[in-house]
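Scroll down for the structure; my scribbles are underneath it.
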Amino acid sequence: MSKVYPNATAALNGLLHDNMTIAAGGFGLCGIPENLIAALRDNGVKGLTIVGNNAGVDGFGMGVLLTTRQVKKVLASYVGENKEFERQVLSGELELELIPQGTLAERLRAGGAGIPGFYTRTGFGTKLTEGKETKVFDGKEYVLEPGITAELSLVKAWKGDKSGNLIFRKTSRNFNPMIASCGKVCVAEVEQLVEIGELDPDQIHTPGIFVDRIIQGEKYEKRIEFRTVQGADPNKKTSSPVRDLMAKRAAQELRDGYYVNLGIGIPTLVANYIPEGIHVTLQSENGLLGIGPFPTEDKIDADLINAGKQTITERPGSAYFSSADSFGQIRGGHIDLAILGAFEVTDSGDIANWMIPGKMIKGPGGAMDLVAGVKRVVAVLEHTSKDGSPKILKQCTLPITGLGVVNLIITDLCVFEVKQGGGLVLIELHPGVTVDDIRTKTGAPFECGRGLSAPTT
């Protein structure tokens with residue numbers, strides 16, 4: 001029986017009903033099934049539970065289904081800049097199950113592989129894993145996470161053949177391979193549909209056994225969320241003399257040969273200050289190892305973005321892979337260093353950076369996986385909030401991202417080392433800052449390192 005359908009509407013015919021669960025591929029707006037989403041919207045099916053890394057943006061991607069009120073629940077890792085998504089969640093109009101990005105990728109992979117559940121370090125002790133079964137392996141606590149399956153999977157690929165074999169392009173692979181496998185029925189759209197035998201079997205990313213229906217999509221917009229080019233200021237909301245100072249200091253933690261993940265915000269500035277003679281490989285959790293500089297205008301590629309959804313380039317020796325493989329690198333301890341922003345950090349190395357209850361829900365993204373899996377974590381943050389309240393505390397007041405995971409804290413005033421087992425050591429002061437300044441603006445006790453005066457009591 002032919003898997004080929006003439007268009008998206010025909011490919012979804014007979015598959016849709018109210019209150020069903022649909023998984024859709026993509027990361028931000030990269031690699032999303034534009035035509036199938038539009039047909040889903042036009043069908044008017046309601047009460048949907050949708051599964052994916054995020055829900056698009058206002059008015060595009062899966063975000064259009066929120067505007068038309070066709071969705072009752074979302075399973076995702078990131079709300080991001082989708083204001084309508086955030087508004088519906090905060091007002092109680094939409095149910096949201098936030099899942100750490102790597103856990104989401106692995107739950108989808110497990111569901112498609114017939115694995116009912118698995119244990120992971122990610123999220124242990126956080127709000128997102130409350131009530132879940134835990135188990136100790138080699139003296140460390142792990143959380144049991146169930147696999148995810150869907151009634152319908154919607155994916156988008158670069159090339160496909162009439163038997164359903166798919167090839168993805170660059171970072172547009174992201175969640176698509178796992179989502180293709182997790183649905184009872186998978187519908188794929190491709191930019192190029194070719195005859196059976198025209199694709200090199202050695203280059204197939206998703207074999208046709210996972211794909212039930214396929215179409216050649218039309219009129220791809222391939223919208224870019226954050227169009228970023230060389231010469232522009234990609235961090236105009238982030239960059240300032242003080243924040244550049246923090247980024248320069250964080251760059252001193254880089255070592256030759258390191259594999260490094262840089263978080264969104266101030267950490268992205270670190271790439272501008274890699275010390276001379278130091279070679280590091282930057283990893284992006286959406287499926288790229290070997291991030292290059294921002295492109296020139298003529299080299300912008302909608303299929304090549306970083307985890308902040310900015311357009312980027314690749315370096316010689318780069319590699320692309322799925323989000324599941326990306327978080328295998330992270331959870332497996334293959335990343336040497338992660339530099340992350342934070343709302344709060346404690347003297348025992350706890351970090352909070354994904355939610356302000358009642359005000360802001362950004363989602364954990366890949367942060368919970370990163371702090372649980374990388375070898376060393378550096379937190380970069382302003383020392384106090386706008387109202388002057390300290391962000392370095394004995395205990396986080398906000399939902400935590402990870403327990404006891406931070407090794408170094410860099411603020412706009414100083415640098416703290418977090419001792420193994422807990423406790424802060426003040427090791428550096430930025431120009432013009434005194435120990436007494438730190439004492440009055442820090443909500444946790446600390447000791448002074450060599451060459452620094454003890455704080456006044």
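So, residue 329, is that one surrounded by 16 or more Cβ atoms within 10 Å (Cβ to Cβ) and either of a type in the set (Gly, Ala, Ser) or assigned to a strand (DSSP E or B) (or both) or not? Explain how you work it out, then say what you get.
Values: surrounded by 16 or more Cβ atoms within 10 Å (Cβ to Cβ): yes; either of a type in the set (Gly, Ala, Ser) or assigned to a strand (DSSP E or B) (or both): no.
Judged against the criteria, residue 329 is not a match.
Going through 184, 248 one at a time, which residue ends up being in contact (Cβ under 8 Å) with a residue 24 or more places away in the chain, open to solvent by 50 Å² or more (accessible area, probe 1.4 Å) and not in a helix (DSSP H, G or I)?
184
Across region 274-302, which residue is farthest from residue 168 (Cα to Cα) among those that are in a strand (DSSP E or B), open to solvent by 20 Å² or more (accessible area, probe 1.4 Å) and aliphatic (A, V, I, L, M)?
Result: 282.
From the residues in region 409-422 that are in a strand (DSSP E or B) and either hydrophobic (A, V, I, L, M, F, W, C) or farther than 13 Å from residue 378 by Cβ (or both), which one is most open to solvent (accessible area, probe 1.4 Å)?
Narrowing region 409-422 to residues in a strand (DSSP E or B): 409-410, 414-418.
Then drop every residue that is not either hydrophobic (A, V, I, L, M, F, W, C) or farther than 13 Å from residue 378 by Cβ (or both), which leaves 409-410, 414-416, 418.
On the way: 409: 0, 410: 0, 414: 0, 415: 0, 416: 0, 418: 17 Å².
Step by step, filter region 409-422, then rank; the result is 418.
Go through 425, 371, 406 for me and flag whichever is outside any strand (DSSP E or B), over 30 Å from residue 94 (Cβ atoms) and open to solvent by less than 40 Å² (accessible area, probe 1.4 Å).
406
Can you say whether residue 54 is touching a helix residue (DSSP H, G or I) at 6+ places or on another chain (Cβ under 9 Å) and open to solvent by 30 Å² or more (accessible area, probe 1.4 Å), as far as the supplied structure shows?
So residue 54 fails the test.
Take residue 106 and tell me if it is of a type in the set (Asp, Glu), within 26 Å of residue 172 (Cβ to Cβ), free of Cβ contacts under 8 Å to residues at least 60 places away in the same chain and open to solvent by 20 Å² or more (accessible area, probe 1.4 Å).
For residue 106, the condition - of a type in the set (Asp, Glu), within 26 Å of residue 172 (Cβ to Cβ), free of Cβ contacts under 8 Å to residues at least 60 places away in the same chain and open to solvent by 20 Å² or more (accessible area, probe 1.4 Å) - is not met.
From 83, 72, grab the single residue that is open to solvent by 70 Å² or more (accessible area, probe 1.4 Å), without any contact (Cβ under 8 Å) to a residue 60 or more places away in the chain and within 24 Å of residue 263 (Cα to Cα).
Among 83, 72, only 83 is open to solvent by 70 Å² or more (accessible area, probe 1.4 Å), without any contact (Cβ under 8 Å) to a residue 60 or more places away in the chain and within 24 Å of residue 263 (Cα to Cα).
Kindly indicate whether any position in region 156-164 is surrounded by fewer than 22 Cβ atoms within 10 Å (Cβ to Cβ), under 24 Å from residue 5 (Cα atoms), within 24 Å of the chain's Cα centre (by Cα) and hydrophobic (A, V, I, L, M, F, W, C).
Yes, region 156-164 contains at least one residue that is surrounded by fewer than 22 Cβ atoms within 10 Å (Cβ to Cβ), under 24 Å from residue 5 (Cα atoms), within 24 Å of the chain's Cα centre (by Cα) and hydrophobic (A, V, I, L, M, F, W, C).
Kindly provide the set of residues from region 67-85 that are charged (D, E, K, R) and over 13 Å from residue 21 (Cα atoms), ordered by number.
The first filter runs over region 67-85 and keeps only residues charged (D, E, K, R), leaving 69, 72-73, 81, 83-84.
Result: 69, 81, 83, 84.
For region 303-323, give me each residue that is among the hydrophobic types (A, V, I, L, M, F, W, C), open to solvent by less than 30 Å² (accessible area, probe 1.4 Å) and at pLDDT 95 or above.
304, 321
Name the pairs whose Cβ atoms lie under 8 Å apart, with the first residue in region 201-213 and more than 13 Å from residue 179 (Cβ to Cβ), the second part of a helix (DSSP H, G or I), and 6 or more positions between them or separate chains?
Short answer, once both residue conditions are applied: 213/11.
The values are calculated or read from the model by the stated rules, or taken from the named source; none is laboratory data. Fair warning: this is a prediction, and the values are worked out from it, not measured in the lab. Please note: Cβ atoms are built from the backbone with ideal geometry, for glycine as well, and neighbour counts cover all protein chains shown. Areas reflect the complete protein model, heavy atoms only, side chains present, ligands, DNA and RNA absent. Shrake-Rupley method; radii C 1.70, N 1.55, O 1.52, S 1.80 Å.
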